[in-house]
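Quick note: the coordinates plus some simple rules give every number you see, no bench work behind them. Computed from a predicted model, the values in this text were never measured in an experiment. With ideal geometry, Cβ positions are generated from the backbone for all residues, glycine too; neighbour counts draw on all protein chains shown.
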């Protein structure tokens, strides 16, 4: 038995938070650029803080700004939010088996905290099912990573509120956030199935990019899963013959 | 847009997002996904991330048409290529960020 099975909640929280150390710079820059862009699109500071606390999903917050400022019907704003954040439905399905025995409100809270980078870090470390840790250890570990993700994001927001216009756009800070995503998704692509699934998502995105309401995200997700199923079948068939 | 309308928009966005994030946590225990489905769902997050990355690295938005158009002249594309290669071969996040940013800023100063 591993010695870390005796660790207490505090240690698990810290171990989880440590997962966010490496992505911290990129996540912080991403938050600064996103929140700066939202302010520049026309929200005041109170509105920015309210939006960030209620929604806590930067990509969708940024994407709806032209719609809000353009006085689009509210349902289109909500539809875009739903579509961009539909990936979280699947993220939720991926972590659900770890937390199936908790009650309604704790589950809502765990769901609220499920952000892109902490999710990818957490599931790279603990895919379902795992026998490595007890369920409460996994809970504290998840909380460590996701609360750290939340804090880094909101620190970026505070930074924007304090320094605002003094941040030079020419640094291209926002691209650091994209590089974090690349650093998270590329290393696990090792099998034929995962490579072709990723290519299917990319090609689908290129061909559906001009569909309304950011539907390209939905189609890319479907393409990645369907491609994985097909390729896996072909590989299995090849093995049996 | 009026102030109250704005807060209704935020509230709705918040409810929609927390619904998406929590729905499987809440109903997941009643509805058991077969291990097979779980096996294939693990490819979906990568698909979603790719769809978030691609518009930034391969497309520019035509202001007058409001449409995305392929653009292979973006510094972001070179930064992403450098980042992808670094992530594939050395798997270190900080090195990936540094190499990607260097390539991106270098190409930005060349292409403009």
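List of remarks:
- Each residue in A:75, A:30, A:153, B:7 was given a count of other beta-carbon atoms within 10 angstrom of its own, and listing them fewest first yields A:75, B:7, A:153, A:30.
- Each Cα pair under 8 Å and six or more residues apart adds its sequence gap; the mean of these over the residue count of the range A:9-187 is a relative contact order of 47 percent.
- Average partner coverage of A:217-225, which counts Cβ from other chains inside 10 Å: 6
- Across peptide A:15-22, the average count of Cβ atoms from other chains found within 10 Å of a residue's Cβ is 1.
- C-alpha center-to-center spacing [the range A:118-184, the range A:26-65] in angstrom: 15
- Eigenvalues of the alpha-carbon gyration tensor of the range B:33-111, scaled by 5 and square-rooted, set the equivalent ellipsoid semi-axes at 28, 21, 7 angstrom, largest first.
- Counted by neighbouring Cβ atoms within 10 Å, the residues A:52, B:2, A:86 run from fewest to most as B:2, A:86, A:52.
- The helix-only estimate of mean residue ellipticity at 222 nm for chain A, built from DSSP H runs of length n ≥ 4 each weighted as -39500 (n - 2.57), is -24000 deg cm²/dmol after division by the residue total.
- Residue exposure sequence - A:56, A:102, B:43 - by fewest surrounding Cβ within 10 Å: A:102, A:56, B:43
- Size-normalised alpha-carbon gyration radius of chain A, reference 2.2 N^0.38 Å: 1.11
- Taking a ≥ b ≥ c as the square roots of the eigenvalues of the alpha carbon gyration tensor, the range A:72-145 is prolate, as a/c is not under 1.5 and a/b beats b/c.
- Where labels lie 7 Å past Cα in the beta-carbon direction, separation of residue B:102 and residue A:203 in nm: 3.4
- Modelled spin labels at residue B:109 and residue A:124, positioned 7 Å past Cα toward Cβ, are 2.9 nm from each other.
- Other protein chain Cβ atoms within 10 Å, averaged over every residue that makes up B:59-72: 1
- For chain B, relative contact order (Cα pairs under 8 Å, six or more residues apart, normalised by length) works out to 16 percent.
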